[in-house]
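Scroll down for the structure; my scribbles are underneath it.
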Amino acid sequence: MEGVIELKEKLLSAIRTYKPYGDLVHQTRILLLGPIGAGKSSFLNSVKSIFRGHVTNQALVGSYTCGTSDKYRTYFINDGKNADTLPFILCDSLGLSETEEGLCMGDIPYILKGHIADRYKFDCTKPITPGHDNYIGSPLLKDRIHCVAFVFDANSVEHLSKEMVSKIKRIQRELIKCGVVHVVLLTHVDTLDMIMKGDLMDIYSCLPVKLKLEAVHRELGFPPSNIFVVRNYTSEWELEPVMDVLILSALRHMLWAADDFLEDLPFEETDRCVW
């Protein structure tokens, strides 16, 4: 446990001192996408909890069937140690659904390119249009999404419907078109069969987890090196170092992915980097 606490402190220090590539932006933007109820808002709350030093639930968490995020939200994370704002922003959105109740696919390019402002209320039947109060006409580089994290429930990722898989692959194509690096978060890993709480110490060596990573790679095409497992804070009263390490490790990789996006930008796009 001493080693885990030491690793947690190293990760906290690395994230606190992180600076986006080339100082092109002051904060990188990470968009959370995934099926309704997969754990997007819970992951956001978990990150905020770690840096606040206690469990918090600012982003409302919904049920598996309905979720609660009907608005586009951009969350600045404050460091409880010194009250500074950390160098990344987590963006939450309406969950994906096989039906018309989920995120409109037409909204995704607008989100990626920075046209949608905080608190825009999604319309499941049509995407945002220029002229809307929450539409940003000329977004800067700081408004764009620099990394996308797909969030899936580890228990159901192998049972996604054909419609959901098709949507995810359409989004992947749009991300590639925009040059946005994307990763995967598998939540609820502690509830997998044959996984015990003590296994979180070395979770990636556990056979059930290895099989899940292989399944995600096989079914959705994500590279295994871009798939991370986490256990979100949902029922705990106190922070647990092992859970924190998994969450912080995944977050650090997201920041690296954002740097890859910024580094790969064409020169003509870096002139819109005003903070």
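Worth a mention:
- K177 vs. criteria under 23 Å from K113 (Cα atoms), open to solvent by 40 Å² or more (accessible area, probe 1.4 Å), modelled with pLDDT of 90 or more and not in a loop (DSSP other than H, G, I, E, B): yes
- Subset of segment 1-20 that is of a type outside the set (V, I, T) and in a loop (DSSP other than H, G, I, E, B) - its residue that is least open to solvent (accessible area, probe 1.4 Å): P20
- Across segment 106-129, the qualifying residues are those that are open to solvent by less than 10 Å² (accessible area, probe 1.4 Å) and assigned to a loop (DSSP other than H, G, I, E, B), and the one among them that is nearest to A258 (Cα to Cα) is G114.
- Scanning segment 240-255 for residues that are open to solvent by 40 Å² or more (accessible area, probe 1.4 Å) and not charged (D, E, K, R) yields a single hit, H253.
- Pair list, Cβ under 6 Å, 6 or more apart: segment 137-153 residue under 16 Å from G179 (Cβ atoms), other residue among the polar types (S, T, N, Q) and open to solvent by less than 30 Å² (accessible area, probe 1.4 Å): H146/T28
- Candidate set from segment 34-78 (those that are over 21 Å from K8 (Cβ atoms) and of a type in the set (A, V, I, L, M, F, W, C)); member that is modelled with the lowest pLDDT: C66
The values are calculated or read from the model by the stated rules, or taken from the named source; none is laboratory data. Just so it is clear, the structure is predicted and the values come from calculations on it, not from any experiment. With ideal geometry, Cβ positions are generated from the backbone for all residues, glycine too; neighbour counts draw on all protein chains shown. In case anyone asks, the SASA skips ligands and DNA or RNA and just uses the protein heavy atoms, side chains included. Shrake-Rupley method; radii C 1.70, N 1.55, O 1.52, S 1.80 Å.
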